[in-house]
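Novice: Here's a structure for you.
The values are calculated or read from the model by the stated rules, or taken from the named source; none is laboratory data. Everything numeric in this text was worked out from a predicted model, so none of it was measured. So basically every Cβ, Gly included, is an ideal-geometry build from the backbone, and we count neighbours across all protein chains shown.
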Amino acid sequence: MGTKRHFRVWRGDESGGEIQDYDVEVNEGEVVLDIIHRIQATQSPDLACRWNCKAGKCGSCSMEINGMPKLGCMTRMSTFEANETVTITPLRTFPVIRDLVTDVSFNYEKARETPAFAPPAGVKPGQYRMQQVDVERSQEFRKCIECYLCQNTCHVVRDHEENKPEFSGPRFFIRAAELDMHPLDARTDRKEFAQASMGLGYCNITKCCTEVCPEHIKITDNGIIPMKERVVDRRYDPLVWLGRKIFRR
Ligand code: SF4
Ligand code: F3S
Ligand code: FES
């Protein structure tokens, strides 16, 4: 038999809502998603929550727990104080559909706007064997589970709806970085594209995205900063600039 704990859960839809109080049994080893399931089973069967794997791999159960963007299935109840109230709210950056479910289609739009992998013409499947050395730097980015916690956290869009059209966000900066580091990607302008069309310049390296990534991807240090550095090198380095001027003459 577990102990009763106090929870507060946001309930509502796009027209508005409010926090509701719940006293729920908590057992050893449980995570926040277990508590949501218990609320559904015993008190509010209509409480909406998106989830799938309960193993930190599908990226569906993103929510804000005591104001911190987290995966519900990976947040252990043992990480809270014994008498601490746990408040669960939907991701703030995306529009609410109902209760804890938000409309994350912003991210799918940004995915579509990110130029796809472009293999060189004439290379047929099987002709190029990838070596470990080829993927050493970029394979970290492949761990992304598309939970969009980083997208939800970045202040550029979290408090500024008006920046959304211009800003692809950290998840897509690392996608661009991954392709930039890909030995077979034929596009040579990934960095320039990120600067000109993905809003890389809006990022002021606060690193909040890195802090919330459940896959511990070093989004800022290993993805964003190398992309920025090389864009700065090419665009603003006075020697490169002078060289370009001279060559053009
Ligand atoms: Fe989630 Fe990390 Fe991928 Fe961002 S980079 S979507 S936080 S797994
Ligand atoms: Fe945003 Fe991450 Fe840059 S939180 S400002 S994308 S370092
Ligand atoms: Fe899949 Fe939480 S349910 S990541």
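Novice: For the range 158-175, give me each residue that is within 13 Å of ligand 1 (Cβ to nearest atom) and touching a helix residue (DSSP H, G or I) at 6+ places or on another chain (Cβ under 6 Å).
Specialist: 168, 169, 170, 171, 172, 173, 174 - these are the residues of the range 158-175 that are within 13 Å of ligand 1 (Cβ to nearest atom) and touching a helix residue (DSSP H, G or I) at 6+ places or on another chain (Cβ under 6 Å).
Novice: Given the residues 159, 189, 134, 180, which is the only one that is of a type in the set (Asp, Glu) and in contact with a Pro (Cβ under 6 Å, 6 or more places away or on another chain)?
Specialist: Answer to the selection: 134.
Novice: Checking residue 88 against (1) within 15 Å of residue 157 (Cβ to Cβ); (2) in contact with a strand residue (DSSP E or B) (Cβ under 9 Å, 6 or more places away or on another chain); (3) not charged (D, E, K, R), which test does it fail?
Specialist: Going through (1) within 15 Å of residue 157 (Cβ to Cβ); (2) in contact with a strand residue (DSSP E or B) (Cβ under 9 Å, 6 or more places away or on another chain); (3) not charged (D, E, K, R) one by one, residue 88 breaks only (1).
Novice: Moving on to the next point. Which of the residues belonging to the range 102-131 are over 25 Å from residue 55 (Cα atoms), more than 14 Å from ligand 1 (Cβ to nearest atom) and part of a helix (DSSP H, G or I)?
Specialist: Hits for the range 102-131 are 109, 112, 113.
Novice: Looking only at the range 132-167, count every residue that is of a type outside the set (A, V, I, L, M) and more than 24 Å from residue 53 (Cβ to Cβ) and tell me the total.
Specialist: Total satisfying the criteria: 17.
Novice: Of the residues 135, 156, which is among the aliphatic types (A, V, I, L, M) and at pLDDT below 95?
Specialist: 135
Novice: Here is a further query. Do the conditions hold for residue 35, that is, is it of a type outside the set (Ser, Thr, Tyr) and touching a Leu at 6+ places or on another chain (Cβ under 7 Å)?
Specialist: Considered against the rule, which asks whether it is of a type outside the set (Ser, Thr, Tyr) and touching a Leu at 6+ places or on another chain (Cβ under 7 Å), residue 35 comes out as no.
Novice: Report whether or not residue 83 is surrounded by fewer than 20 Cβ atoms within 10 Å (Cβ to Cβ), more than 16 Å from ligand 2 (Cβ to nearest atom) and more than 21 Å from residue 37 (Cβ to Cβ).
Specialist: Taking the combined requirement at face value, the residue satisfies it.
Novice: Residues in the range 19-64 that are touching a strand residue (DSSP E or B) at 6+ places or on another chain (Cβ under 9 Å), within 16 Å of ligand 1 (Cβ to nearest atom) and among the polar types (S, T, N, Q): how many?
Specialist: Residues flagged as touching a strand residue (DSSP E or B) at 6+ places or on another chain (Cβ under 9 Å), within 16 Å of ligand 1 (Cβ to nearest atom) and among the polar types (S, T, N, Q) within the range 19-64 amount to 2.
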